[in-house]
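Scroll down for the structure; my scribbles are underneath it.
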Amino acid sequence: MGRVKGHGLWKTVPVYFLPVIILICLIGCGKEFGPGETEQVLTPKDENLIVVGVSQVGSESMWRTANTESVQSVFTKENGYFLLFDNARQKQENQIKALRSFISQKVDYIVFSPIMENGWDTVLQEAKEADIPVIIMDRMVNVKDDSLYITRVGSDFDAEGRCAGEWLAEYLKKQERAEEPVNIVVLQGTEGSTSMIGRTEGFNAIAEQYENWNILEQVSADYTTAKGHEVMEGLLMQYDDIDVVVSQNDDMTFGALEAIEEAGLTSGIEGDIIMISFDAVKAALKLVQDGIINVDIECNPVLGEEVEKVISALENGEAVDKTYPIEEKVFTIENVGEFIDDRTY
């Protein structure tokens, strides 16, 4: 009989039953896959593969696409893995459903990037009771019992927000504007997400140190270009004295830049508005190089290899840390030229 390394279903099914089971599953699920999504089907040749279920937030940004690609390129059959991948399309209920599907299939590991922080205690308890290790990728969960997950691999978003604030303070000082009133608007990411919470709290902690910094509004634009354009357009109609835009990801920045241009204004080093962005995808770094974006705080999406290192350690019975922070940089026109050509996303 053929076996796939796992906790249940695939361990004990005779090879000649597999095609029937697969057909039943496909008919029952009726799942449609969007751009960038893949579905793998178990075959008798898949013996001894480590089965990993990955639930992704969605495909809302260039960063997210790069993050997905890094995962899919690592968890391959050639590397000894069988990947079950699900795109939650920005809906927590879809993600919870995916995690329960992974549990019912008795995968070896669950990896997911939570859409928002709250609401995971029950499903993660179910995974723990099924003896399936859970690895948090990118964002974070807010649970009462941190034993519900093994570790988290991702960025320090609070540090990213503080970095943006510290850069702005230094920049204003160099521009001899440190004592002038500074009006700031913030385009926030998805409400309740770890990245939005961390970047907001980090930046606000620095802003509170300067009495002349006035945050006019902080508005969610859901990490998308279209929403970034819409929100920025509304802010420009409401305020005619915006000095700084803090955009919590590059996709929102692209939309905001369109709205700024349509309003007859400019941004960047020689512009009317100081533009601060996050993520540092290649398209944004080119705008940093052109002086249109003043600074871009890196958020590294290439997490697949780091997650795989954790799984390899667990497979070898090794202890793992509770968190694995990712090294990141700050890009301005002074240093971006050193890195832009090597950017793959």
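Only one of (1) part of a helix (DSSP H, G or I); (2) buried (at least 18 other Cβ atoms within 10 Å of the Cβ); (3) out of contact with any Ser or Thr (no Cβ under 7 Å at 6 or more places or on another chain) fails for G161. Which number is that?
(3)
Restricting to segment 75-117, what's the tally of residues that are surrounded by 16 or more Cβ atoms within 10 Å (Cβ to Cβ), assigned to a loop (DSSP other than H, G, I, E, B) and among the acidic types (D, E)?
Count: 2.
Can you name the residue in segment 296-345 that is of a type in the set (S, T, N, Q) and under 20 Å from S73 (Cα atoms) and is also modelled with the lowest pLDDT among such residues? Outline the logic, then answer.
Taking segment 296-345 first, the residues of a type in the set (S, T, N, Q) are 300, 312, 316, 323, 332, 335, 344.
Remaining after also requiring under 20 Å from S73 (Cα atoms): 300, 312, 344.
Details: N300: 94, S312: 97, T344: 88.
Taking the candidates together, the pick is T344.
Tally the residues that are under 16 Å from R343 (Cα atoms) and crowded, with 17+ Cβ neighbours inside 10 Å, restricting the search to segment 283-321.
11
Looking at (1) among the β-branched types (V, I, T); (2) open to solvent by 10 Å² or more (accessible area, probe 1.4 Å); (3) closer than 20 Å to I197 by Cα, find the lone condition where I136 falls short.
Result: I136 fails condition (2) only.
Answer yes or no as to whether V245 is buried (at least 23 other Cβ atoms within 10 Å of the Cβ) and more than 24 Å from V153 (Cα to Cα).
Details: buried (at least 23 other Cβ atoms within 10 Å of the Cβ): yes; more than 24 Å from V153 (Cα to Cα): yes.
When the stated conditions are applied, V245 passes them.
Quick one: count up the residues across segment 40-57 that are on the phi < 0 side of the Ramachandran plot, part of a loop (DSSP other than H, G, I, E, B) and either open to solvent by 10 Å² or more (accessible area, probe 1.4 Å) or modelled with pLDDT of 90 or more (or both). Write out each step before concluding.
Within segment 40-57, the first condition is being on the phi < 0 side of the Ramachandran plot, and the residues that meet it are 40-47, 49-57.
Right, trim to part of a loop (DSSP other than H, G, I, E, B) and you get 40-47, 49, 57.
From what's left, either open to solvent by 10 Å² or more (accessible area, probe 1.4 Å) or modelled with pLDDT of 90 or more (or both): 40-45, 47, 49, 57.
Total meeting the criteria: 9.
Counting only residues that are crowded, with 17+ Cβ neighbours inside 10 Å and within 26 Å of L285 (Cβ to Cβ), how many does segment 209-229 have?
Qualifying residue count for the region: 9.
Hey, does segment 267-277 have a residue that's touching a helix residue (DSSP H, G or I) at 6+ places or on another chain (Cβ under 7 Å) and open to solvent by 10 Å² or more (accessible area, probe 1.4 Å)?
yes
Only one residue in S277, S267 is touching a residue at least 24 places away in the same chain (Cβ under 8 Å) and within 19 Å of S193 (Cβ to Cβ), so which one is that? Outline the logic, then answer.
On the way: S267 fails: within 19 Å of S193 (Cβ to Cβ).
Of the residues listed, the single one that is touching a residue at least 24 places away in the same chain (Cβ under 8 Å) and within 19 Å of S193 (Cβ to Cβ) is S277.
The values are calculated or read from the model by the stated rules, or taken from the named source; none is laboratory data. Quick caveat: nothing in here was measured; it's all calculated off a predicted structure. Positions of Cβ are generated from backbone atoms using ideal geometry, with glycine treated the same way; all protein chains shown enter the neighbour counts. The area values use the complete protein model at the heavy-atom level, side chains included, leaving out ligands, DNA and RNA. Shrake-Rupley method; radii C 1.70, N 1.55, O 1.52, S 1.80 Å.
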